[in-house]
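What follows is a short report on a single structure.
The values are calculated or read from the model by the stated rules, or taken from the named source; none is laboratory data. Note that the coordinates shown come from a computational prediction; the quantities given were computed from them, not determined experimentally. Using ideal geometry, Cβ is built from the backbone for each residue, glycine included, and neighbour counts are taken over all protein chains shown. Surface areas here come from the heavy atoms of the whole protein model, side chains and all, with no ligands, DNA or RNA. Shrake-Rupley method; radii C 1.70, N 1.55, O 1.52, S 1.80 Å.
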Amino acid sequence: MLNVKLPGLDMKNPVMPASGCFSFGKEYGDFFDLNLLGAIAIKSATKEARFGNPTPRVAETTAGMLNAIGLQNPGVEHILDHELKDLEGIDTPILANIAGKQVDDYVYTAEKMSQSPRVNALELNISCPNVKEGGITFGTVPEIAAHLTEKVKAVSDVPVYVKLSPNVSDIVGMAKAVEEAGADGLSMINTLMGMRINLKTQKPILANKAGGLSGPAIKPVAIRMIYEVSQNVNIPIIGMGGIQDADDVIEFFLAGASAVAVGTANFVDPFCCPNIIKELPEKLKQMNVDHIDELRGRSWGRC
Amino acid sequence: MLNVKLPGLDMKNPVMPASGCFSFGKEYGDFFDLNLLGAIAIKSATKEARFGNPTPRVAETTAGMLNAIGLQNPGVEHILDHELKDLEGIDTPILANIAGKQVDDYVYTAEKMSQSPRVNALELNISCPNVKEGGITFGTVPEIAAHLTEKVKAVSDVPVYVKLSPNVSDIVGMAKAVEEAGADGLSMINTLMGMRINLKTQKPILANKAGGLSGPAIKPVAIRMIYEVSQNVNIPIIGMGGIQDADDVIEFFLAGASAVAVGTANFVDPFCCPNIIKELPEKLKQMNVDHIDELRGRSWGRC
Amino acid sequence: MINEKMLITKNTCIAPKIYELTVQGDLVDLIREPGQFVHIKVSDGTLPLLRRPISIASINRNTKELTLIYRVDGVGTKTLSLRSQGDRLEILGPLGHGFPLDVINQGETAVLVGGGIGVPPLYELSKSLSKKGIKVIHVLGFRTLEDTFYQKQFEELGKTVIVTDDGSSKFKGTVIDALQLLNLNYQVMYACGPTPMLAALENGYSDKPLYLSLEERMGCAVGACMACVCHTVDEDDEKGYRKVCSDGPVFKSGEVKLSC
Amino acid sequence: MINEKMLITKNTCIAPKIYELTVQGDLVDLIREPGQFVHIKVSDGTLPLLRRPISIASINRNTKELTLIYRVDGVGTKTLSLRSQGDRLEILGPLGHGFPLDVINQGETAVLVGGGIGVPPLYELSKSLSKKGIKVIHVLGFRTLEDTFYQKQFEELGKTVIVTDDGSSKFKGTVIDALQLLNLNYQVMYACGPTPMLAALENGYSDKPLYLSLEERMGCAVGACMACVCHTVDEDDEKGYRKVCSDGPVFKSGEVKLSC
Ligand SMILES: Cc1cc2nc3c(=O)[nH]c(=O)nc-3n(C[C@H](O)[C@H](O)[C@H](O)COP(=O)(O)OP(=O)(O)OC[C@H]3O[C@@H](n4cnc5c(N)ncnc54)[C@H](O)[C@@H]3O)c2cc1C
Ligand SMILES: Cc1cc2nc3c(=O)[nH]c(=O)nc-3n(C[C@H](O)[C@H](O)[C@H](O)COP(=O)(O)OP(=O)(O)OC[C@H]3O[C@@H](n4cnc5c(N)ncnc54)[C@H](O)[C@@H]3O)c2cc1C
Ligand SMILES: Cc1cc2nc3c(=O)[nH]c(=O)nc-3n(C[C@H](O)[C@H](O)[C@H](O)COP(=O)(O)O)c2cc1C
Ligand SMILES: Cc1cc2nc3c(=O)[nH]c(=O)nc-3n(C[C@H](O)[C@H](O)[C@H](O)COP(=O)(O)O)c2cc1C
Ligand code: FES
Ligand code: FES
């Protein structure tokens, strides 16, 4: 009753850890069997290795957290040769998140990554707010996002999901633009831009000053955007933003998501993903639902 | 050590209740002396009386709330003749918030309102997300916001603050556009668009479906936007979004605000505003600050 | 109307998911009418953010106590159920306008109709009416017999008919079914319960004075945020709306439109 | 590394704002080295959202207890301080790599340098070294004499010099000042405390083996989120960085750049 099939991702259940919150799986693999997961979205890969931003890189907010990791990763080649190799024993589909500064970076990384037998789909991070050059623009101008999507689609051997930024006036316009450009699916939402100031030092807590807000605080924004977008596109949505339990997953499905990703909650409880997966069947039974897919978009009708 | 002077608003202290969360003052006047407040931002006024949206109009989220009141108000004439009359015994400055569907509505309301001796400044609500016609567009397109600001400035006898929507890609561009158009100050932020779905009914909780997210959940977004905008404009900012206590007020000043407004927290604690005002002097002393103005923008420097 | 840290003197489960909470403080002195409510900050921390509105079920002016009866539903009432005797609870009240007592005279008969968690405020109402020498008849609907509460307390005050959806009490059906069967002779009817029940009463029993207690999602609970409004039936009404929190929660039938 | 609901057997204030917390459970069996830490969910509710990293100050394998010493600073440690004996606390651990014991031999001397809330992990370290027959000297810095804790416990294990900013102990100044004055003869130095203190040690005492325990804001605390990284000193290092949570928190001096 939990298996879902999305382009490139044949999932036992609709729950995956979100990119950047699960590294390449090894760490949480010490806690539970990664085969339990519906899929794994791995940390953003870039053309070259990146160290990312100075620390502090995280700060807490009321019911949320800010991060400005800055896309730290060992570069696509290293990921292909090492991190993905480590995942070979596991049959959970991999959604490989890629990022870049310029279109060419994305294209380079996407091409390489999509050729790996271990990668089932790509997730274009056009929305990471923590990279100064380019990062933010790709995610806020529909034409640029569409152009990037086209270029990446042209070189990718696997389906391409575009991960949308919530920091826009018109999320539906954005979604339609990348759909038209050939996206096979959407991931939403990435983090909202936020900041906290330390009253003692009187400076922003994050060395990078601003960072991305995630966690339960942003869930209503995610639900609203997924509700709007899912009624205006014909490609599936991987929903995320503040998911902590099985009820949240159901709320995302009702809003229109076809699968979900869990980010910040992994830090609160390392067993969060398997726990949610375990709780879902009982919840569905209580709702008289045979398969979680039936819930998708049920909130759309007239009140 | 708390008095601040903003265009039109000569305030004993920098704390005012936010528009829509305090009606026209009468209700909370039963709890405390309204003369304690730095100013009062009254509920959005429109040309005609409005009933607003169907109920339910509010929903709770983690550390936040959604509202879709829909600008219910008795219309500008009634407000001038009754609600503002009731405030005549109080010497606290009034920031009169106005909204509309079209430029003409705003201009009509602004002109009337600004002529009242009881009104010290106008606050243009160009960002209320709950009005279908117009409301949202004014707040997301810089040219339209600038045009509206100009028109209102032309008829207003008092300074005009423009209340910005956070649901935009480029808040600085928005702020600069309305500054150039003559705005005397900015209010930020209004609510983020959000939604919650009731798992039992499987429908959005709000009858209006989407609503505006306020409360502590959005504070990091407000701080980030104020931090960015305050460094790029030369007009003062009334900061708001999730303020609950004196520490929050200080965080807003450090980010660059010149005064603050408290919305949702009034519902949590009806004495919230006077309590904050009472606590501020002690906090400033602990920080070795003689006047709260000294804190404004202190977070801007290099880390 | 004050905001007081009231002392919890009791907080116990009296039926499945139903709790009886008694708190003590000066707020009790200010209560004017049965049917008023309070707005409770259920935790000392930030979450849940908003307060919860709960009707006053009974008061004891001597001990300065008031009793609330609530059903555990979401996070707020769940949190409330975990608070212990001896704790203090921040309570704003008394709020709103309750059931009018001066619309009925000594010796006359009042029918009190309650559904589920709408039953509690009727208890203080019944006590007040009884004290005035008014005969009270209670028609109270619950899901099952197991879900009923305060049956004895109501029986002590007057005839009490318990109606259950599943027929586990003597009457099976809705309170509306029961009222039809009973065909009572009365002067004033008071009701509190789910909106469909109130609507049905309005339909069938508006020939005599009928007072309804409404529920609506609230922000401030003091009339400042406009969260809880409903339209007036009279389209020429000057305002055209009423606030459930400050104009209500009790309205005379025909004053406002029920939204359901 | 497990996530366990551990039983609080003690949680008391031992100096202004300083608490000693003892918890019991199977997690204790997994602790390998002094200097490891745990990641604590300080409340059962949603807030505060993130866990708090706290060093293990001492362990008792017989009673399956571990002790943490923490300073009440923000909302998380405040919340923690309000938890009571008998409560259960969700704790993830043991985490990270601690102080190496095999870098020093029986009969040799170790200097343990601690500053403020960096002192706690040195206690288990000192116990372990002592057990191995290593002579321990403690140089511990606090703001004032009133702020010191565990002085007796350290004195029982070896020479203990308490340094205070205000001179309310015998030594006035910083631990660095004290080390200069004391001019100790030793083989290995271990330190935990504020970054400026660690940097000063690195500057002056890198001629002999020096191990530093670092602090960094954390997300996951298990190596998955990249919140807590620092650069390696060696620019040719393959990765170029280390994670404080999983590669550290203890590093050999010269391995990573201290950010301050
Ligand atoms: C005037 C008035 C009197 C009431 N008296 C009682 C009473 O005596 N006993 C009792 O058990 N219940 C009573 N209720 C209903 C009670 O307020 C809700 O059951 C309660 O707020 C639900 O909170 P929760 O945290 O359990 O649910 P959640 O779903 O977590 O609540 C989320 C938000 O929705 C609001 N909400 C949810 N359900 C309702 C509802 N039915 N009515 C109003 N707001 C709601 C909450 O207040 C909160 O803001 C009364 C409501 C009103 C308006
Ligand atoms: C490996 C390690 C071991 C530690 N051991 C101890 C110990 O034994 N005793 C002790 O008192 N403290 C220790 N600390 C510091 C302790 O984690 C912080 O004091 C605590 O997290 C502050 O939380 P708060 O809720 O009081 O402050 P808040 O300011 O409310 O915390 C907000 C956020 O910032 C983080 N944060 C704030 N200050 C620090 C800090 N100094 N280091 C890391 N994160 C911080 C919090 O974890 C939280 O995520 C250790 C830190 C680390 C990294
Ligand atoms: C520490 C951290 C690192 C993240 N890194 C990435 C990343 O590298 N690429 C990406 O697309 N999203 C990244 N995200 C965003 C998440 O994948 C997710 O979209 C967001 O956090 C919202 O989900 P949540 O509220 O469940 O965390 C990161 C989030 C966090 C908290
Ligand atoms: C119930 C409610 C009604 C509001 N009505 C208005 C309004 O009429 N006009 C307006 O400009 N802002 C309105 N707002 C927005 C607030 O003024 C404020 O900008 C926002 O709530 C953020 O502040 P807070 O987090 O302190 O509530 C309303 C907010 C709430 C919660
Ligand atoms: S709840 Fe705010 S006006 Fe009624
Ligand atoms: S805290 Fe997540 S990698 Fe160290």
The rounded separation in angstrom of the Cα centers of the range D:160-223 and the range B:17-60 is 56 Å
Return the sequence-ordered ³J(HN,Hα) values of the range A:282-291 in whole Hz as given by the Karplus equation 6.51 cos²θ - 1.76 cosθ + 1.60 applied to θ = phi - 60°, using x for Gly and Pro. 4, 4, 5, 4, 4, 8, 6, 10, 7, 9
Using each residue's phi in the range D:85-99, evaluate 6.51 cos²θ - 1.76 cosθ + 1.60 at θ = phi - 60° and report the 3J(HN,Hα) Karplus result to the nearest Hz, with x for Gly and Pro. 3, x, 5, 10, 10, 7, 10, 9, x, x, 10, x, 10, x, 7
Residues meeting the amide H criterion for C:Val229 (H placed from the backbone, H to H distance under 5 Å, 5 or more places apart or on another chain) are C:Val244
At the nearest 100 Å², what buried accessible area, both sides summed, do you get for A and B when the probe is 1.4 Å? 3800 Å²
Among D:Asp236, D:Asp147, D:Asp26, which one shows the biggest mean-square fluctuation in a GNM of chain D, springs joining Cα atoms closer than 10 Å? D:Asp236
Interface call, the range B:42-87: threshold 50 Å², probe 1.4 Å, accessible heavy-atom surface of protein chains, chain by itself vs complex, result B:Phe51, B:Thr55, B:Val58, B:Glu60, B:Thr62, B:Ala63, B:Gln72
Per residue value of the accessible surface for chain D (all protein chains in place, 1.4 Å probe), Å²: 42 Å²
What quantity of accessible surface, computed with a 1.4 Å probe and excluding non-protein components, is buried in total between chains B and C, in Å² to the nearest 100? 2600 Å²
Can you list the residues of the range D:31-59 that have at least 10 square angstrom less accessible area with all protein chains present than in their chain by itself, probe 1.4 Å? D:Lys41, D:Thr46, D:Leu47, D:Leu49, D:Leu50, D:Arg51, D:Arg52
Please state the charge dipole magnitude for chain A, taken about the Cα centre, from unit charges on C-beta atoms (+1 on K and R, -1 on D and E), reported in debye and rounded to the nearest 20. 900 debye
Cut-off under 12 Å on the C-alpha distance; same-chain residues fewer than 8 positions from A:Lys151 excluded. Which aspartates and glutamates are left, in chain and number order? A:Asp104, A:Asp105, A:Glu111
How would you classify the range C:210-260 from its alpha-carbon gyration tensor, with a ≥ b ≥ c the square roots of the eigenvalues: rounded for a/c under 1.5, else prolate if a/b is greater than b/c, otherwise oblate? oblate
Just add up the charged neighbours of C:Ile8: K/R +1, D/E -1, any other residue whose Cβ is under 12 Å from the Cβ of C:Ile8. 0
Each residue of the range A:42-57 in order: what ³J(HN,Hα) in whole Hz does its phi give by Karplus 6.51 cos²θ - 1.76 cosθ + 1.60, θ = phi - 60°, with x for Gly and Pro? 8, 4, 3, 9, 10, 4, 9, 4, 10, 8, x, 7, x, 8, x, 10
Ascending list, in nanometres, of distances separating the B:Asp293 label from those of the other copies (7 Å, Cα toward Cβ): 6.6
Lys/Arg +1, Asp/Glu -1 at C-beta; the protein assembly as shown dipole; positive extreme among C:Gly204, D:Pro16, D:Asn203: D:Pro16
Environment charge at D:Lys208 (Cβ cut-off 13 Å; Lys +1, Arg +1, Asp -1, Glu -1): -2
Gaussian network model of chain C, springs between alpha carbon atoms under 10 Å - residue of C:Leu198, C:Leu50, C:Leu181 with greatest fluctuation: C:Leu181
Mind checking the dipole of the range D:2-95: about its Cα centre, +1 per Lys or Arg Cβ, -1 per Asp or Glu Cβ, Debye to the nearest 20? 200 debye
In Å², and per residue, what accessible area does the range B:153-303 have when probed at 1.4 Å with the other protein chains present? 30 Å²
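When a/c reaches 1.5 or more, the comparison of a/b and b/c decides; with that in mind, is chain A rounded, prolate or oblate per its Cα gyration tensor?
Taking the square roots of the gyration eigenvalues as a ≥ b ≥ c, chain A is rounded.
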In chain B the accessible area split gives carbon plus sulfur, as whole percent at 1.4 Å, a share of 47 percent
Average partner coverage of A:292-301, which counts Cβ from other chains inside 10 Å: 2
Label distances, nm, C:Ser259 versus same residue in remaining copies, Cβ-directed 7 Å point: 4.9
So how many Lys-Lys pairs in the range D:109-213 land under 24 Å Cα to Cα, not counting same-chain pairs under 8 apart? 19
Could you name every residue in the range A:185-199 that has 20 Å² or more less accessible surface in the full protein assembly than in its own chain alone (probe 1.4 Å, ligands and nucleic acids excluded)? A:Leu192, A:Met193, A:Met195, A:Arg196, A:Ile197, A:Leu199
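Treating the beta-carbon of each Lys and Arg as +1 and of each Asp and Glu as -1, no other charges, what is the dipole magnitude of the range A:21-155 about its Cα centre, to the nearest 20 debye?
So the dipole magnitude of the range A:21-155 works out to roughly 300 debye.
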Since chains D and C are linked by a rotation, which residue in D has the beta carbon closest to its axis, and how far is it in Å? D:Leu47, 3
Anyone know which of B:Gly256, B:Gly215, B:Gly52 comes out most mobile in the 10 Å Cα GNM of chain B? B:Gly52
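For the range D:26-119, which trypsin sites (Lys or Arg not before Pro) are in a loop by DSSP, counting at most 13 other Cβ atoms within 10 Å? Mind dumping the intermediate values first?
Working: sites: D:Arg32, D:Lys41, D:Arg51, D:Arg61, D:Lys64, D:Arg71, D:Lys78, D:Arg83, D:Arg88; in loops: D:Arg32, D:Arg51, D:Arg61, D:Lys64, D:Arg83.
Within the range D:26-119, the qualifying trypsin sites (Lys or Arg not before Pro) (loop, at most 13 other Cβ atoms within 10 Å) are D:Arg32, D:Arg61.
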Sum of side-chain charges, B:Thr140 neighbourhood, beta-carbon under 14 Å (Lys, Arg +1; Asp, Glu -1): -2
Among C:Ile31, C:Ala110, C:Ile134, the residue whose Cα sits farthest towards the positive end of the charge dipole of chain C, when +1 is placed on the Cβ of each Lys and Arg and -1 on the Cβ of each Asp and Glu, is C:Ile31
Farthest toward the dipole's positive end in chain D, which of D:Val233, D:Ile69, D:Val256, given Cβ charges of +1 (Lys, Arg) and -1 (Asp, Glu) about the Cα centre? D:Ile69
Assume the label is 7 Å from Cα along Cα to beta carbon: what separations in nm does D:Lys170 have to the matching positions in the other copies? 9.0
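Leaving ligands, DNA and RNA out of it, report the carbon-plus-sulfur percent of the accessible area of the range D:2-95 at a 1.4 Å probe.
The value for the range D:2-95 is 47 percent carbon and sulfur by accessible area.
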Please report the spacing between the Cα centers of the range C:109-136 and the range C:32-92 in Å, no decimals. 21 Å
If a/c stays under 1.5 just call it rounded; otherwise compare a/b with b/c (prolate if a/b is bigger, oblate if not). Do that for the protein assembly as shown, with a ≥ b ≥ c from the square roots of the Cα gyration tensor eigenvalues. prolate
